[in-house]
Amino acid sequence: MNAALQHIRRNSRYLTFFPFTAAILLGACALQAQTAESDFGPSNPFYAASTLPFQAPPFDKIKDRDYQPAIDAGMAEQRKEIQTIADNAAPPTFENTIVAMEKSGQLFNRVWQVFNGVTAANLDPDLQKVEDYEAPRVAALQDDIFLNPRLFQRVAKLYAGRDSLHLDAESMRLLDIDYKKFVHAGANLSDADKAAVRKFNEEDSTLSNAFTTKLLAAAKAGAYVTHDKASLAGLTEAQIAGGAEAAKDRKVEGYVVPLQNTTQQPDLADLTQRATRQAIFENSLNRAERSDDNDTRSTIVRLAQIRAQNAKLLGYPTYAAWILEDQMAKTPEAAIKFMDALVPDATARAAGEAADIQALIDSQNGGFKLQPWDWNFYSEQVRKAKYDLNESEIRPYFELNNVLQNGVFYAANQLYGLTFKERKDIPVYNPDVRVFEVSDTGGQPLALFYCDYFKRDNKNGGAWMNEFVTQSKLLGMLPVIYNVANFAKPAPGEAALLSFDDVTTMFHEFGHALHGIFANTEYPTLSGTSVPRDFVEFPSQFNEHWASYPGVFEHYAKHYKTGDPMPAELAAKIRKAKTFNQGYALTEILAAAELDMQWHMLPASAPLQNADTFETEALKKTDLSISYVPPRYRSSYFLHIWANGYAAGYYAYLWSEMLDDDAFQWFEDHGGLTRANGDRFRQMVLSRGNTEELSKMYKAWRGAEPSIAPMLKDRGLVKSATN
């Protein structure tokens, strides 16, 4: 995912697929739709592997009607394959059980990975119906695999005798992960408890999908619509033209300012009309509570309750304890301790920033108390006063295509020797999408990379990475990777100019892409980004550092009209202002992460919560109830934790930030941007996927345990490093 971010400050979304389970699922609502496997035949584009390069999806042939029969057929085929493995009369071997599971489900994964990508980025009503119908059925498929007693018996027998199997390290890692996934899912439970787990999982997937559907509609309905151009004072003519184009797309008069997924909205930094800022902010804050049809609160409180009850069945005191068992943090207590330690310095820094803003407001005879809708507007003025830096001066030097080609791709070339060639002959699911073939040193084909950067009303909020095809030497697959974002689309003929935050988002998501592109494992379960949540953001956040690295920055920061490099004094201001507003940035992310953990530490005995009351009390409990710093996501629109696989895992952005800043310190200590450093990082980390316990992998590359000091330095909280 997830997935965007100034070091955690983006909204990245990443969905992991286990080849034989499709473990992270878009949820679903029960629906009336019905299809039969008999509808599936050679005319369906998913019937056989794609003949396009890298087995890329044949989007020119895929129609909405093709997905449901292919998904149904894929699930039926995988059930048969799994049952054949479970019923095998021969004694279990690694080959006839573990490897056989790795090879199963190829049809299902072929269609589900494409379907998942398209529904997240280019949803339409027909696909919504298919998603509503299929996702609970896919959740049931997952349970049919993990709760199959005969299959688990074979896996458990292999695991018990693992030392006598003489497996290579990657195969031993796969066996260990597979066995623990079965146990984690409830394979050791009684039949009655397994049945209860199945019901909880089905309801979870149904509610998660309902949440996603409501939120997409809520975000669209929450857009600011005006006929008064004067209310948009402060925006550039290009931004206003984009608003007019958005209104035209919706077939309404005037101007539309769509909502981003986060609480704060980027246009609040520029809008001079306080009433407009307040209206947009309140639309954002209350997006999922503005109408009964799109109100998500009853959905999320039930999700929290059934997750807690399911965790108890599985033998854990809370859902967070169940989730974190196989993460780097291991326990929710460790994650909370890590976050709690950051709160005092973050909030103190934010209070100082607020005082500076209030002083500016008072000096201008504002006569009002700082509110959250004022923060970005006045903090931008404070930044300009302190650093003589104005966002409008910066954007002309960050044209999207130039950033991609001469920034993102250039850094990958300098570090890893990669080259990129645009492929206009590869079909795409939307005209905004571009495709590049990625070649390794020596010109060897390595991957396909798709990018889909512009906001659409039928696209989920935020930014993310995922795969249409997962790398596996066992299956002979090379990766097909995509990045999705929600940048403002310019009016026809206008350049797509980015903020530096947007630039950082591109580097972040491409860091995820590199993790997938460099995947070089035998087994798809262990490939690329199939790693714990608190490690998966490490390569992406690490890649953000190259956005501001002088040798890369100077290569892409050029005026979109003249081609002139950004003046040295302006670039210096950006570097100098790097730690500006970091109290706010860290506090809003901590508030969201602590809120996530509080929801998922509810005990099974807890009654249904009042969402608003729970949120208020949770923020007070963690010393993060601060009027001028709302959480980056409120509970009612926190897509990461209710539908995108980050439940009890949003802390991972901060945990990974510790790793990424520590890793970048290693690079700086060893010469910075060099091929030698890049190749070593690729060989020891990026290509390894989940083939080794991640803390050991990191230490082997780094030569030491990670330190939090570089993170505090990067955030401008250096004094804490000695505490």
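The values are calculated or read from the model by the stated rules, or taken from the named source; none is laboratory data. Note that the structure is a prediction, hence the values are computed from the model and not measured. Glycine also receives a Cβ, built like all others from the backbone with ideal geometry; neighbour counts cover every protein chain displayed.
Brief remarks follow.
- Helices (runs of 4 or more DSSP H) wholly inside the range 249-346 that include at least 3 residues being out of contact with any Pro (no Cβ under 7 Å at 6 or more places or on another chain) and closer than 30 Å to Leu694 by Cα: 297-313, 319-324, 332-340
- Residues that are small (Gly, Ala, Ser) and farther than 22 Å from Ala547 by Cβ, drawn from the range 411-454: Ser439, Gly442, Gly443
- Single condition Tyr651 does not satisfy, out of (1) touching a Lys or Arg at 6+ places or on another chain (Cβ under 6 Å); (2) within 21 Å of Ala348 (Cβ to Cβ): (1)
- Residue ID - surrounded by the most Cβ atoms within 10 Å (Cβ to Cβ), chosen from residues in the range 418-446 that are of a type in the set (A, V, I, L, M) and part of a strand (DSSP E or B): Val438
- The lone exception for Ala411 - which of (1) at pLDDT 95 or above; (2) on the phi > 0 side of the Ramachandran plot it fails: (2)
- Helices (runs of 4 or more DSSP H) (entirely within the range 504-588) containing at least 3 residues that are within 23 Å of Ile481 (Cα to Cα) and not hydrophobic (A, V, I, L, M, F, W, C): 533-548
- Pick from the range 272-287, criterion more than 25 Å from the chain's Cα centre (by Cα) and among the small types (Gly, Ala, Ser), ranking: surrounded by the most Cβ atoms within 10 Å (Cβ to Cβ): Ala279
- Checking each residue of the range 666-682 against the condition of being over 30 Å from Ala577 (Cα atoms), charged (D, E, K, R) and either in contact with a Gly (Cβ under 7 Å, 6 or more places away or on another chain) or assigned to a loop (DSSP other than H, G, I, E, B) (or both) gives no match.
- Filtered by the rule that a residue be of a type in the set (Val, Ile, Thr) and either assigned to a helix (DSSP H, G or I) or closer than 24 Å to Phe553 by Cβ (or both), the range 476-503 gives a lone residue, Val503.
- Asn466 being in contact with a Leu (Cβ under 7 Å, 6 or more places away or on another chain), modelled with pLDDT under 95 and crowded, with 19+ Cβ neighbours inside 10 Å: no
- Condition check for Gln239: touching a Leu at 6+ places or on another chain (Cβ under 9 Å) and over 30 Å from Ile641 (Cβ atoms): yes
- Among residues of the range 391-403, those that are part of a helix (DSSP H, G or I) and either touching a strand residue (DSSP E or B) at 6+ places or on another chain (Cβ under 7 Å) or over 24 Å from Asn483 (Cβ atoms) (or both), counted: 7
- Thr529 vs. criteria among the β-branched types (Val, Ile, Thr), under 14 Å from the mean Cα position of the chain (by Cα) and closer than 30 Å to Tyr651 by Cα: yes
- Filtering the range 347-390 to residues that are assigned to a loop (DSSP other than H, G, I, E, B) and of a type in the set (A, V, I, L, M, F, W, C) leaves Phe368, Leu370, Leu389.
- Every test in (1) under 23 Å from the mean Cα position of the chain (by Cα); (2) at pLDDT 95 or above; (3) part of a loop (DSSP other than H, G, I, E, B) is passed by Ala663 save one, and that test is (3).
- Residue tally, condition among the charged types (D, E, K, R) and part of a loop (DSSP other than H, G, I, E, B), over the range 630-660: 2
- Of all the criteria given as (1) touching a Pro at 6+ places or on another chain (Cβ under 9 Å); (2) assigned to a loop (DSSP other than H, G, I, E, B); (3) surrounded by 21 or more Cβ atoms within 10 Å (Cβ to Cβ), the one not satisfied by Ser627 is (3).
- In the range 386-404, the count of residues that are within 30 Å of Ala447 (Cβ to Cβ) and among the β-branched types (Val, Ile, Thr) is one or more.
- Of all residues in the range 188-225, those that are touching a helix residue (DSSP H, G or I) at 6+ places or on another chain (Cβ under 7 Å) and over 24 Å from Gly462 (Cα atoms) total 9.
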